[in-house]
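Everything below concerns the one structure shown next.
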Amino acid sequence: MLDEYRNILVPVDGSAQSKKTFDEAINIAKRNKGSLTLVTVIDTASFSGTTGGNSIPLMHEAKKNAQAIIDELEHHRMKEEQEVHLTSQIVAGNPKREIVELAEKLDTDLIVMGATGLGALSLLLVGSTTAYVVNQAPCNVMVVK
């Protein structure tokens, strides 16, 4: 385990769990004088079955929704947390893989993510994003319940 977590990745999906997870990540960043990167992954599997022309408006809407998720969390606590440096990213693809790949790319020390999110049905069908990240991430993962 690292003595300090300086580079913290926080995947969020707009669920109630996201705020709780973000709060925990802020506390960790403050204790470690670290920085946070919020990431929202647009699940491109939800576009399957659409034609190219139809997927453009869907992707635009998905990006708008992802930005709203990020904006809500940024305004949730960041005004009072001036000492925590925050950046955000919106990526598209398979959430499980995108989170792990971004953690590698950003040289992340810690991923802080919720135990559950919006995908309760997909959890039953295809497995847990959180479980995948815990097993595949190049760094420690904290799961917030």
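The values are calculated or read from the model by the stated rules, or taken from the named source; none is laboratory data. Being a predicted model, the structure only gives us computed values, none of them experimental. Ideal geometry is used to build each Cβ from the backbone, glycine not excepted, and the neighbour counts take in all protein chains shown. To get the accessible areas, we keep the full protein, side chains included, count just its heavy atoms, and leave off ligands, DNA and RNA. Shrake-Rupley method; radii C 1.70, N 1.55, O 1.52, S 1.80 Å.
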Ranking by accessible area, most exposed first, for ARG97, ARG6 with a 1.4 Å probe: ARG97, ARG6
Estimated inter-spin distance, HIS85 and ASP107, nm [label 7 Å along Cα→Cβ]: 1.2 nm
Segment ALA16-GLU61, length gained on full extension (0.36 nm per residue, minus Cα span): 14.1 nm
Separation in nanometres of the label points that stand 7 Å from Cα toward Cβ, at ALA115 and ASN135: 1.9 nm
Difference of contour (0.36 nm per residue) and Cα-Cα distance, ARG77 to GLU4: 24.1 nm
